[in-house]
Amino acid sequence: MAVKAIAHSYWRSIKRGARTFESVLDPVKEDVRTLARADVADGVITQEEYQQYIGESYKPADETV
């Protein structure tokens with residue numbers, strides 16, 4: 001499943017501090033979580049930053065093959 005384009009915009013705004021995760025529309029929240037998890041996996045943000053941005057503990061996405 002592809003991440004919605006608007007999720008990228010929301011995620012950038014959250015990292016800049018211009019928006020909170022709570023203000024993200026429900027249909028887009030999972031995509032924003034996916035982008036945040038990817039940034040943790042890529043070393044762009046820490047697990048602690050993930051928790052600050054998203055408001056929940058970091059849990060890696062389930063791997064499916």
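The values are calculated or read from the model by the stated rules, or taken from the named source; none is laboratory data. Just so it is clear, the model here is predicted, and its values are computed rather than measured. When we count neighbours, we look across all protein chains shown, and the Cβ atoms used for this are built from the backbone with ideal geometry, even at glycine.
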* To do: Determine the pairs where a residue that is over 13 Å from ALA38 (Cβ atoms) and polar (S, T, N, Q), located within the stretch 1-20, has a partner that is outside any helix (DSSP H, G or I) and at pLDDT 95 or above with Cβ atoms under 6 Å apart, the partner being 6 or more residues away or on another chain.
  => SER13/ARG19
* Members of the stretch 21-34 that are free of Cβ contacts under 8 Å to residues at least 24 places away in the same chain and among the hydroxyl-bearing types (Ser, Thr, Tyr) -> SER23
* **Residue that is modelled with pLDDT of 95 or more and small (Gly, Ala, Ser), where the choices are ALA61, ALA2, ALA41** => ALA41
* Among (1) touching a Pro at 6+ places or on another chain (Cβ under 8 Å); (2) without any contact (Cβ under 8 Å) to a residue 24 or more places away in the chain, where does ARG37 come up short? -> (2)
